[in-house]
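Asks: Can you keep this structure in mind? I'll have questions shortly.
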Amino acid sequence: MHVPRFEPFPALRYASADLNRVIAPPYDVLSGADLDALEAQDDHNIVHVDVPRERDGEGRYEAAGDRLRSWLAEGLVARDEEASFTLYRMSFTDAAGTERQIVGVMGALEVVDEGAGDVLPHERVTKKASTDRLDLTRATLANMSPIWGLSLASGLTSLLIEPGEAVGSVTFDGVTHSVERVTDPARLAAIGAMVWTDAVLIADGHHRYGVARRYRDEIREATGSTETTSELTLAFVSELVSDQLSVEAIHRVYRDIDRGELVAALSVGFEIAAAGEVSSEMLAEMEIRGALCLVDRSGQGSWLTPKPGVFDDIRALDGVWLEHLLHGMAANVTYQHGVDELRTLIDGDASITAAVLIRPVSVAEIERTAREGLLMPPKSTFFTPKLRTGLVVRPLD
């Protein structure tokens, strides 16, 4: 099996700014209100480049590119003088109260063809018609937000324990994000070689990786070359180990189906029993019971306990079970992370029939998916915490 190249590069970094004011969450978790707050927080917050707004008109992507280049000219952002890897550490307490530290490395990961078998998806991807990320890449000539890749190579973590040169730290929502530059040739070679020894599984950023493939193909067609910077894309790579990873569920929201019809379909596979008012505390009870939870518009829940034998020949994933029971039905399925966020969504959207809380996928199941070349249903996993945008930007020029 061909394994993906993973290489250091001369990074773009903020040189003269309070990082807590200019670093932001990834673009795809930001609401309009979030963007308003970040833009108002600092004129140089990374969202001014990373999230061009519809209200700014047709030239918004070009304006974002001009803004990034002006920050470089002003010295607010600087390009490293030499190629580096960036160690990225996240220290936090997870939803279960366990203290964790994730350590990974930011570098440039090879962009491979779909199905090549060395950069692996772990779930089916919902199609997006928007060309937003592709337009932004063209205009900025930069990879703004990293994908998150999980290395199947055993031993990567041990190469990342030793600190590098500290270049910044920020704290958001109780999570400390620290980055350190590594330029020592021997260490660069060791890290790159380790990632090259096995496949990389995409944990977060399937759409971004697909955009990188489209951009690479554009550049190949325009230049006739397979040696440009577009052959790789910005990635955070950490080892697939359970003591580091915090994986949460993304719950299912159903529209365009009658509640009675939905319950009838679910009752084929589940015993249904009243569960009371739905709250985030139910997630732990779901694990104990081995059950899912149906959430009505009233906020009341019903336990969905698998009937003996019904799912024996079906993969043991909540999302797969639901797809199996609802196959061929007209239900419109969308996705929402977080129980409180789900309750808020239901309260504000009368088109929702009901929702189902599902349990997180285990790290062991994620690895099995990768090794067997299988795909989970869309939005099966929610990796936390989310990487920050702006700590490292990869130039393409």
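Asks: Determine which single condition Ala153 fails, assuming it passes every other condition in (1) closer than 20 Å to Arg371 by Cα; (2) in contact with a Gly (Cβ under 8 Å, 6 or more places away or on another chain).
Replies: (2)
Asks: Further question: Please go through region 285-302 and give me each residue that is without any contact (Cβ under 8 Å) to a residue 60 or more places away in the chain and of a type outside the set (S, T, N, Q), ordered by number. Walk me through it before giving the result.
Replies: Initially, region 285-302 is screened for residues without any contact (Cβ under 8 Å) to a residue 60 or more places away in the chain, giving 285, 288-291, 296-302.
Listed by number, the residues that qualify are Glu285, Ile288, Arg289, Gly290, Ala291, Asp296, Arg297, Gly299, Gly301.
Asks: Looking at this structure, is Val278 surrounded by 13 or more Cβ atoms within 10 Å (Cβ to Cβ), out of contact with any Phe, Trp or Tyr (no Cβ under 6 Å at 6 or more places or on another chain) and more than 30 Å from Val119 (Cβ to Cβ)?
Replies: Working: surrounded by 13 or more Cβ atoms within 10 Å (Cβ to Cβ): yes; out of contact with any Phe, Trp or Tyr (no Cβ under 6 Å at 6 or more places or on another chain): yes; more than 30 Å from Val119 (Cβ to Cβ): yes.
Yes; evaluated as a whole, the condition is true for this residue.
Asks: Residues being part of a strand (DSSP E or B) and at positive phi: count how many of those fall in region 287-302. Spell out the reasoning first.
Replies: Here is the first cut: in region 287-302, the ones part of a strand (DSSP E or B) are 292-295, 300-302.
Adding the requirement that they be at positive phi leaves none.
So the answer is 0.
Asks: Could you look through region 292-321, keep only residues that are at pLDDT 95 or above and within 28 Å of the chain's Cα centre (by Cα), and pick out the one that is surrounded by the fewest Cβ atoms within 10 Å (Cβ to Cβ)?
Replies: Cys293
Asks: What are the residues in region 1-57 that are under 24 Å from Gly174 (Cβ atoms), acidic (Asp, Glu) and more than 22 Å from the chain's Cα centre (by Cα), if any?
Replies: Asp18, Asp36, Glu39, Asp42 - these are the residues of region 1-57 that are under 24 Å from Gly174 (Cβ atoms), acidic (Asp, Glu) and more than 22 Å from the chain's Cα centre (by Cα).
Asks: Output the number of the condition that Glu123 fails; it satisfies all remaining conditions of (1) more than 19 Å from Leu245 (Cβ to Cβ); (2) at pLDDT below 95; (3) among the charged types (D, E, K, R).
Replies: The one condition Glu123 does not meet is (1).
Asks: For region 56-104, enumerate the residues that are touching a Gly at 6+ places or on another chain (Cβ under 9 Å) and in a strand (DSSP E or B).
Replies: Ser84, Phe85, Thr86, Leu87, Tyr88, Arg89, Met90, Phe92, Thr93, Gly104
Asks: Still on this structure: Please note which strands (runs of 3 or more DSSP E) are completely contained in region 157-276 and include at least 1 residues that are under 30 Å from Asp296 (Cβ atoms) and more than 24 Å from the chain's Cα centre (by Cα). Working first, answer last.
Replies: On the way: elements: 165-172, 175-182, 200-204, 232-239, 246-248, 250-255.
Strands (runs of 3 or more DSSP E) meeting the threshold: 250-255.
Asks: Taking region 215-249 as the region of interest, how many residues are crowded, with 20+ Cβ neighbours inside 10 Å and β-branched (Val, Ile, Thr)?
Replies: 2
Asks: How many of the residues making up region 43-55 are out of contact with any Gly (no Cβ under 6 Å at 6 or more places or on another chain) and under 21 Å from Leu391 (Cα atoms)?
Replies: Kept after step one, since they are out of contact with any Gly (no Cβ under 6 Å at 6 or more places or on another chain), are these residues of region 43-55: 43-45, 47-55.
Now restrict to residues that are under 21 Å from Leu391 (Cα atoms): 43-45, 47-52.
Total satisfying the criteria: 9.
Asks: A follow-up question, please. May I ask you to say which residue of Glu341, Glu323 is free of Cβ contacts under 8 Å to residues at least 40 places away in the same chain and closer than 22 Å to Val247 by Cα?
Replies: On the way: Glu323 fails: free of Cβ contacts under 8 Å to residues at least 40 places away in the same chain.
Exactly one residue qualifies, and that residue is Glu341.
Asks: Since Thr389 meets every condition but one in (1) of a type outside the set (Asp, Glu); (2) surrounded by fewer than 18 Cβ atoms within 10 Å (Cβ to Cβ); (3) at pLDDT 95 or above, which condition does it not meet?
Replies: Condition (2) is where Thr389 drops out.
Results for (1) in contact with a helix residue (DSSP H, G or I) (Cβ under 7 Å, 6 or more places away or on another chain); (2) of a type in the set (D, E, K, R), shown as yes or no for each residue.
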site: Ala37; (1), (2): no, no
site: Asn45; (1), (2): yes, no
site: Asp56; (1), (2): yes, yes
site: Arg69; (1), (2): no, yes
site: Glu82; (1), (2): no, yes
site: Thr98; (1), (2): no, no
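Asks: If you don't mind, there's one more thing I want to ask. So is His48 outside any loop (DSSP other than H, G, I, E, B), surrounded by 18 or more Cβ atoms within 10 Å (Cβ to Cβ) and at pLDDT 95 or above or not?
Replies: Working: outside any loop (DSSP other than H, G, I, E, B): yes; surrounded by 18 or more Cβ atoms within 10 Å (Cβ to Cβ): yes; at pLDDT 95 or above: yes.
Criteria met by His48.
Asks: If you go through region 139-196 one residue at a time, how many are of a type outside the set (Asp, Glu) and farther than 18 Å from Ala108 by Cβ?
Replies: Residues in region 139-196 being of a type outside the set (Asp, Glu) and farther than 18 Å from Ala108 by Cβ: 20 in total.
Asks: Another question, if that's okay. Restricting the search to region 5-48, which residues are among the charged types (D, E, K, R) and under 30 Å from Asp118 (Cα atoms)? Walk me through how you get there before you give the answer.
Replies: Taking region 5-48 and keeping what is among the charged types (D, E, K, R), we get 5, 7, 13, 18, 21, 28, 34, 36, 39, 42-43.
Across region 5-48, the qualifying residues are Arg5, Glu7, Arg13, Asp28.
The values are calculated or read from the model by the stated rules, or taken from the named source; none is laboratory data. Quick caveat, the model's predicted, so the values are computed rather than measured. Heads up, the Cβs are rebuilt from the backbone with ideal geometry, glycines too, and the neighbour counts pull from every protein chain shown.
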